[in-house]
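S.K.: Sharing a structure with you now.
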Amino acid sequence: MAKPHSMTLHALRVALMAGTALGAGVFAPVQAQTVTAVMHAGLRSLDPVITTGYIVRNHGYMVYDTLFSLDADNKIQPQMLESWQASDDGKTYTFVLRDGLKWHDGAPVTAADCVASIKRWASQDKMGQMMAAMMSGIEAVDGKTFKMTFNEPTDIAIRALAKPSAIPAFMMPERVANTPGSQAIKETIGSGPFRFVTEEYKPGVQVVYEKNTDYVPRKEPASGLAGGKVVKVDKVKWVTMPDQMTAVNALINNEIDFIEQTPYDLLPMLENNEDITLNVMPSQGGQSEIRFNFEQPPFNNKLIRQAALLAVDQKEVLQAQIGNPKYFQTCPAVFGCGGPYESDIGGDKLVKGNPEKAAALLKEAGYDGTPVVILMPSDNPTTAPIMQVTAQQLRKAGFKVDLQAMDWQTVLNRRASHEPASKGGWNIFGTFTVVPDIRDPLSFMGVAANGTKAWFGWPDVPEIEKRRAEFARTNDPATLKRLANEIQELVIDEGVIVPLGQFSNLNATGKQIKGVINGPVPVFWNLEKTGK
């Protein structure tokens, strides 16, 4: 009876030897499923509260979780919450956390953590600041419950905590959230579906996330940013490839799996490739726009701002920026084409440029030839064309233009300067704001007009702020629509921001990737990868 046993051992030895000789085989460990992605920028900051950078926001959704989220229909849904309730007078809101929430270090998520996180977030986010100004108190009731009270009836807390972009209200451990809002956090500990792998982080070059095996997803199916965040891969690796052609070739050659923002001019290389999937993402697209410096000549003069606004043609900008009309549309809406507060107010001044009328208004304003310094980010292919076309259109209307090329980081530094343009300041910069950040007068920080507390450019228009405050205090649909229309009219008349139409973003994935969620932020839960 010993002979079969000895044969089995011999067979095992042969198999082991074969596996060793081949360097793999049946006894080799199963390779972890890793999704390798090229994002729109390298990740250099890890604090999603002290910056509005979209790459840091994307990082936030990997590591942290939110109390509320928006589903695919833009409806507010609970995320970390089991329940919430408003008092009869609309002044007190009570929130109860769901079971099973843990920080990545194993500690349970508590109401005190959420209170500290909300306070820190509200100190930095524009909508959070408005919420905080209306709030009379926030406190933990017990380990799972906290409440917020307000001086008057409002649902701004629900709207603000569900806001998906710019600075979302990510929850952090209390010890981390107690960091002053002006200082960067020193720990990256969340309760979200992925863990940040500290030892593999190379700022601006690579960031690695691993599946959080302790995460308990909601039972609802994934929808937008809401529902069950089910992670179906072991790791996600973001790598930086500054050269767009290199990234596209890497995708074609199956060296990477995902490109967040596919270059429009390279789409012909991918559109007819059966091994590539292009995912059109309207809600990840954006609104192109230019911004005037209200503090410095010549745009401290309202008539000159209006002249510049009249000079710019949306279609010409979008053709240079995007190219393919399948992926862009012109419209005068400040709060988004096709959005809940879309309006054609001011359409006679926007969309179609009128250089002759702009030149006449410039003459009426007494423009003295003061050079207009335009900041152009030469390393940002989405924004650079905006500034090149804008410069050309302003010259046609009679402006003297100084188009200054620099990298995007320098633009970010220069636009914060209050100095005259001749001493390192600026007159115009351009950018785009993603669709979820322009959807209403509270979430769109570009329409805030409270002087030095406003976004770069620092417009001071009290009538806009008065209506934004009214917008925060009501939830009546007719009143909200009226206020949004009035704000749009003021924004265009004052030249607070010049909307230049809207475009869609396109993710590109290899055929091995399934389950991409069509939502306002690129997320990596629900993704499946077949093969290695």
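The values are calculated or read from the model by the stated rules, or taken from the named source; none is laboratory data. Note that the coordinates shown come from a computational prediction; the quantities given were computed from them, not determined experimentally. Don't worry about glycine lacking a Cβ; one is built from the backbone with ideal geometry, like all the others, and counts go over all protein chains shown. In case anyone asks, the SASA skips ligands and DNA or RNA and just uses the protein heavy atoms, side chains included. Shrake-Rupley method; radii C 1.70, N 1.55, O 1.52, S 1.80 Å.
S.K.: What is segment 411-532 by shape, rounded, prolate or oblate, if you read a ≥ b ≥ c off the alpha carbon gyration tensor as root eigenvalues and call it rounded for a/c under 1.5, prolate for a/b larger than b/c, and oblate otherwise? List each step's numbers first, then the result.
M.R.: Working: a/c = 3.03, a/b = 1.48, b/c = 2.05.
Because a/c hits 1.5 or more and a/b fails to exceed b/c, segment 411-532 counts as oblate.
S.K.: Residue 422 accessible area, nearest 10 Å², 1.4 Å probe?
M.R.: 110 Å²
S.K.: Using R₀ = 51 Å, calculate the FRET efficiency as 1/(1 + (r/R₀)^6) where r is the Cβ-Cβ separation of residue 423 and residue 186; round to 0.05.
M.R.: Numbers: r = 36 Å, r/R0 = 0.70.
E between residue 423 and residue 186, to the nearest 0.05, is 0.90.
S.K.: Under 5 Å between amide hydrogens, which residues at least 5 positions from residue 68 or on another chain qualify, with H placed 1.01 Å from N in the peptide plane?
M.R.: HN-HN under 5 Å from residue 68: 79, 80.
S.K.: Also, quick follow-up: Which trypsin sites (Lys or Arg not before Pro) does segment 318-379 hold that lie in a coil by DSSP with at most 16 other beta carbons within 10 Å?
M.R.: On the way: sites: 326, 349, 352, 357, 363; in loops: 349, 352.
The qualifying sites are 352.
S.K.: What does the helix-only formula give at 222 nm for the chain: each DSSP H stretch with n ≥ 4 adding -39500 (n - 2.57), the total divided by the residues, and the result rounded to the nearest 500 deg cm²/dmol?
M.R.: Working: 14 runs with 150 residues, N = 532.
Result for the chain, helices only: -8500 deg cm²/dmol.
S.K.: With each label point set 7 Å from Cα along the Cα-Cβ vector, what nm distance links residue 198 and residue 73?
M.R.: 4.4 nm
S.K.: Moving to a separate point now. Please go through the residue pairs 229/481; 144/514; 211/511; 219/514; 211/326; 229/511 and name each one whose alpha carbons sit more than 25 Å apart in this structure.
M.R.: Numbers: 229/481 33 Å; 144/514 36 Å; 211/511 22 Å; 219/514 20 Å; 211/326 36 Å; 229/511 22 Å.
Beyond 25 Å between Cα atoms: 229/481; 144/514; 211/326.
S.K.: Another one. Quick check: with the 1.4 Å probe, what order do 165, 45 take by accessible area, largest first?
M.R.: Numbers: 165 0, 45 40 Å².
Ranked list, largest accessible area first: 45, 165.
S.K.: Label segment 43-184 by shape, choosing from rounded, prolate and oblate, from the square roots a ≥ b ≥ c of the eigenvalues of the Cα gyration tensor; if a/c is under 1.5 it is rounded, and otherwise prolate applies when a/b is larger than b/c, oblate when it is not. Please list the in-between numbers first.
M.R.: Values: a/c = 1.42, a/b = 1.27, b/c = 1.12.
Verdict is rounded for segment 43-184.
S.K.: Using 7 Å Cα-to-Cβ label points, what is the residue 112/residue 360 separation (nm, one decimal)?
M.R.: In this crude spin-label approximation the distance works out to 6.9 nm.
S.K.: Give the shape of segment 339-382 as rounded, prolate or oblate, defined through the alpha-carbon gyration tensor: a ≥ b ≥ c are the square roots of its eigenvalues, a/c under 1.5 means rounded, and otherwise the shape is prolate if a/b is larger than b/c and oblate if not. Could you put the intermediate results ahead of the total?
M.R.: Details: a/c = 2.77, a/b = 1.11, b/c = 2.50.
Oblate shape, in that a/c is at least 1.5 and b/c is the bigger or equal ratio.
S.K.: A follow-up question, please. Name all residues of segment 193-234 having a backbone nitrogen under 15 Å from the label point set 7 Å from the Cα of residue 99 along its Cα→Cβ direction, giving them as ranges.
M.R.: 216-219
S.K.: For residue 205 and residue 245 in the same chain, what is the full-extension length gain: residue separation times 0.36 nm, less their Cα-Cα distance, in nm?
M.R.: Values: separation 40, 0.36 × 40 = 14.40 nm, distance 1.73 nm.
Separation in residues times 0.36 nm, less the Cα-Cα distance, equals 12.7 nm.
S.K.: With a cut-off of 13 Å, note down the residues of segment 463-494 whose backbone N falls inside the zone around a label point 7 Å from the Cα of residue 89 toward its beta carbon.
M.R.: none
S.K.: Let's test the formula: R0 of 22 Å, r as the Cβ-Cβ distance of residue 475 and residue 129. What FRET efficiency results, to the nearest 0.05?
M.R.: On the way: r = 20 Å, r/R0 = 0.90.
E(calc), rounded to 0.05, equals 0.65.
S.K.: Okay, moving on. Using a 1.4 angstrom probe on the protein heavy atoms only, line up 344, 113, 105 by accessible area, largest first.
M.R.: On the way: 344 115, 113 15, 105 80 Å².
Most to least solvent-accessible, the answer reads 344, 105, 113.
S.K.: Assuming R0 = 30 Å, what is the FRET efficiency of residue 40 and residue 119, from their Cβ-Cβ distance, to the nearest 0.05? Intermediate values should be presented prior to the final figure.
M.R.: Values: r = 30 Å, r/R0 = 1.02.
In this case the efficiency is close to 0.50.
S.K.: For the chain, give the share of DSSP beta bridges that are antiparallel, in percent and rounded to the nearest 5; count only bridges with both residues there. Write out the running numbers ahead of the final one.
M.R.: Working: 54 of 69 bridges.
Bridges in the chain are about 80 percent antiparallel.
S.K.: Looking at segment 156-212, which trypsin sites (Lys or Arg not before Pro) are DSSP coil and have at most 15 other C-beta atoms within 10 Å of their C-beta?
M.R.: On the way: sites: 159, 175, 186, 195, 211; in loops: 186.
Hits after loop and neighbour filter: 186.
S.K.: Follow-up question, since we're still on this one. Rank by packing, highest mean first: peptides 313-322, 440-449, with packing defined as the count of other Cβ atoms within 10 Å averaged across residues.
M.R.: Values: 313-322: 20.6, 440-449: 23.7.
So the order, starting with the most tightly packed, is 440-449, 313-322.
S.K.: Determine ³J(HN,Hα), in whole Hz, for all residues of segment 171-178 in sequence, where each value follows from phi through the Karplus function 6.51 cos²θ - 1.76 cosθ + 1.60 and θ = phi - 60°; x replaces Gly and Pro.
M.R.: 8, 10, x, 4, 5, 7, 5, 6
S.K.: Just for segment 371-474, what percent of DSSP beta bridges are antiparallel, to the closest 5? List each step's numbers first, then the result.
M.R.: Numbers: 1 of 9 bridges.
Rounded to the nearest five, the antiparallel share is 10 percent.
S.K.: Could you check how much of the accessible area of segment 244-348 is carbon and sulfur, as a whole percent, using a 1.4 Å probe? Walk me through the numbers before you get to the answer.
M.R.: On the way: 1830 of 4110 Å².
Taking all protein chains in place, segment 244-348 shows 45 percent carbon and sulfur surface.
S.K.: With each label point set 7 Å from Cα along the Cα-Cβ vector, what nm distance links residue 395 and residue 463?
M.R.: 3.6 nm
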